1. Quickly estimate the mean residue ellipticity at 222 nm for chain B, helices only: each DSSP H run with n ≥ 4 gives -39500 (n - 2.57), and the total goes over all residues, rounded to 500.
2. Can you compute the modelled spin-label distance between A:Leu101 and A:Thr332, with each label point 7 Å from Cα toward Cβ, in nm?
3. Place a +1 charge on the Cβ of each Lys and Arg in segment B:90-176 and a -1 charge on the Cβ of each Asp and Glu, then give the dipole magnitude about the Cα centre in debye, rounded to the nearest 20.
4. With a 10 Å Cβ neighbour count serving as the proxy for reagent exposure, in which order, fewest first, do B:Phe344, B:Phe3 appear?
5. Once you put a point 7 Å from the Cα of A:Tyr258 and another 7 Å from the Cα of A:Ala270, both along the Cβ direction, what distance in nm separates them?
6. Quick one: what are the phi-derived ³J(HN,Hα) couplings along segment A:61-70, Karplus 6.51/-1.76/1.60 with θ = phi - 60°, whole Hz, x for glycine and proline?
7. What is the Cα centroid distance between segment B:188-226 and segment A:241-257, reported in whole angstrom?
8. What is the fewest-to-most order of B:Leu42, A:Leu267 by other Cβ atoms lying within 10 Å of their Cβ?
Amino acid sequence: MGDWKTVAVPVLSSDSKNIFQYTSEKKISPPNMNAQVLRLPLPSSKSMHSFFSAFCTEENIEQSISYLNRELTTLGFPSIYAESKGKELNLISIINCMNELLVLQHKNLRAQEEVEMQHLKLGSDMDHLQNCYAKLKEQLELSKREIVGLQERDRQLQSKNRNLHQLLKNEKDEVQKLQNIISSRATQYNHDMKRKEREYNKLKERLHQLVMNKKDKKIAMEVLNYVGRADGKRGAWRTDKTEARNEEQMYKVLLNDYEQRQKQLLLENAELKKVLQQMKKEIISLLPPQKQKPKERCEDGPVLSDLEEDIGEFNKENMWELSCETVREQLTNSIRKQWRMLKNHVEKLDNQVSRVHSGALNDKDVISREDHELETEKLELEIQQCKEMIKTQQQLLQQQLMSPCDDDTTLLLQDCYLLEERERLQEEWRLFQEQKKNFEKERRSFTEAAIRLGLERKAFEEDRGAWLKQQFLSMSTDYKHSENVTTPSAFIGTSDQDNRLVNSMSQQRKPHCKLSGPVSAESCQTSQYISQNSSNAALKKPAGDSMPNQWEESDKEETE
Amino acid sequence: MDFSELFKLSGLLGRFSPDGKCLASCVQYRLIIRDVNTLQILQLYTCLDQIQYIEWSSDSLFILCAMYKRGIVQVWSLEQPDWHCKIDEGSAGLVASCWSPDGRHILNTTEFHLRITVWSLCTKSVSYIKYPKACQQGIAFTKDGRYMAVAERRDCKDFVSLFVCSNWQLLRHFDTETQDLFGIEWAPNGCILAVWDTCLEYKILLYSLDGRLLSTYQAYEWSLGIKSIAWSPSSQFLAIGSYDEKVRILNHVTWKKITEFEHPATVTNTKTIVYKEVEKSPSVETERFSFPPTRALASSVFSTQSKYDISQVPVSFQYIKPVADRANPKMGIGMLAFSPDNCFLATRNDNIPNAVWIWDIQKLKLFVVLEQLCAIQSFQWDPRQPRLAVCTGNSKVYLWSPAGCVSVQVPTEGDFQIVSLCWHPSGDSMALLKIEAVKMNEVGDIYLY
């Protein structure tokens, strides 16, 4: 870039004030373009003013233009001349160049601002760092001084400590010395004592001799008569046997004593073992069942199995009586193990409790707790609702029972109840009516069926009669007249009977539906009676009048 | 509580017979036998000289009276008042005399402890035991009376001889590892003998009946050692009181110390009950004064009633530090006694002479402290129940039982300084002995206090 400041170029003098106003604007107002050629974005100063006009004067326009063109081209801008040669200025290119230059200028300004900002920042940082450095230096000095002080104190204390140790050693040495002195004096005294004692014994012996030698007859016992022994026995000589017996007696006494003590100890032992066993069982029961947790199983599995084995062993072998070392050790070890487990368990529970109190919970616990709370809330609501219902019902009940004063209301209430009842009864009546209608329908159908049945039977009977007639007529040459006579009577009987039956049936059918049953039974019976009377055919009559068709068919079959 | 009349006594020699029927007391040279219930004089014997010592035989049929100055022992029979027996030691002199457990032999210790002569009342035989040890408790009999242990000293070494009492045959003779044997005592079960050394050396040895050394116990060196010992009635524990104001309890299984009882000047444990004797000044109504003052009034004015108050823990006692340059200083545990049911141990710390410390053996803890106004003279357990009688040299007797404690004023004219007491074998009554007098009192039901 060219150095704008260093080039002493005359600047246009016209409207330099306006130039300064426009320096901040980015837009270039075209009417001013003709007036001014150059615009320098420099702060106002009278020297610059002259500088602006110093570059280009009326004399050196061409030179200045060519100079500018040269500069611009070197900077990479397109030429301001219209053609490569010639003096025609390309306004567009000039404008473009100017614009480019302005843009460049703005960029440079910005860059400068930034640089200045950075410069300021760096300056302040630098100040700050210098302050910090100064403070740290001060602190370092202080701590160094402190260290020195503490070291000094430490040295003093150590020397004190050494002194005290020395004193202690001295005291200990003194104590040892005194003890030695005491022991030496004690031995000396003992020795002296022994010497004196020996002398004393000698004197005693001498005295004893003298006393004995005197043959003092005074030393005697005068007794009126000798008393018997306390236990009544006579005195015995002292012999070896008695000695042996004495020894034996003594040993017996000792053994008795030892046996008693051992019995007591055995009892105590058994009691304690029992207590230990109980404790073991209780500890096992207290411990949480660990079969659910697979993780812990691998740790406690072998222990549990050991315990179970132990329990099994102990129960089997009845360990109360065994008292050997290994058994005892096993028992105590197993109890110690279990006690440790119980302790761990209790510690875990304590930790859990403390965690719960502090608020840091497991996920599981949180959810369950929330659920629990929700459920409790729900239940509470339910309880409240139920309570309210109960209250209202109670109130109503009370009102009903306790308010005969208000007649209208009671009447109303009564009416209400009556209405309810009436409606219920009406419904029931309706149902009843429906049922009745159904029954009526059924009965009608039954009667129709019965009538049909009767008609059919009548027809069938007539057919049968006709067939039998034919039969008899055909067989009348073979058979006697009496038979023929009898058969019409039989037939007449049957037809009459049938008619009667039909009449009875039709009469009876109206009041009851159910008579169809016995009626059919009767008809069956009568038909059976008829068949019995007739010597030829034993017609099978199906009972029940629900199968008239079958009956017909069977008859038809028979007839065929 | 009934009190009997006052009887004259000399030398603090008032003894109940082992069967509890008679009370023997002596006045100068007379021996008076009274019936316990009626206090009537049953027998009256006259001896040759002032009696220094009396002892009943174990079957209560004989009583010996020893006169040390003359060297004579006289034996009297209760069944036959005419029967008499006199043992004269002559120039050998007499220092101590006692019965053998069968009640038919008398053991006399001659002067300078030259020998012990065993006189028999049944036969004409005499036995001698040479070189007996001149110590406080040199002869000890087992409770069942079968064996006797005698401490001996020959050539500046201590020995113990065990004799069979039935025929005085020597059973065992062994030396002890003591510097200067101070005392021997059998355990109540008769199988273990405790032997302890002089106070210059804290050492106690336990020997079995057949002479084997079972165990040695030494708590510390150089300071003054054992002052007193006591076996528990079940032989389970051995309590050793020493000059360092502590009682150490050894157990019979391992012979190791199971606990230490300290007797500090300040009791701080809140579970201990401290009974403090306080005087309640009698209210004297001035109108009642008359001249000359009646005896009863005089006694009531001069004798101060006292009662027990329960002091709040912590309690401080009056602590006496004895002069250091005197021998046998009054410090340490001088008195030890187990209760007959093996539940309590009563001790006295000579540094705190006004207090009786009662320890609960079941819990091995201090149970009760009785703080008296005067120094404790003696205390004795009731032979049947855990009841302790304490006398402090004034005219009151103090009784403690787990139910409470009570102070009983002895109704007497003037001052009755009780220095000693002994219980009747049945525990129903006890004799309160003061110098120059004896008084018996029936002990009824204890008042709860």
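1. Numbers: 1 runs with 8 residues, N = 449.
Calculated mean residue ellipticity at 222 nm is -500 deg cm²/dmol.
2. Taking the two extended label points, one gets 11.0 nm.
3. Working: 11 positive and 7 negative charges, 24 e Å.
That gives a dipole near 120 debye.
4. Details: B:Phe344 23, B:Phe3 16.
With the fewest neighbours first, B:Phe344, B:Phe3 line up as B:Phe3, B:Phe344.
5. Placing both labels 7 Å beyond Cα along the Cβ direction yields 2.2 nm.
6. Karplus-based 3J(HN,Hα) across segment A:61-70 equals 4, 4, 5, 5, 4, 5, 4, 4, 4, 4 Hz.
7. 24
8. Details: B:Leu42 17, A:Leu267 10.
Placing the least packed residue first, the sequence is A:Leu267, B:Leu42.
We did not get these values from a lab; they are worked out from the coordinates using the rules stated. Every value quoted in this text rests on a predicted model; they were computed, and no experiment measured them. In this analysis, Cβ positions are derived from the backbone assuming ideal geometry, glycine residues included, and neighbour counts consider all displayed protein chains.
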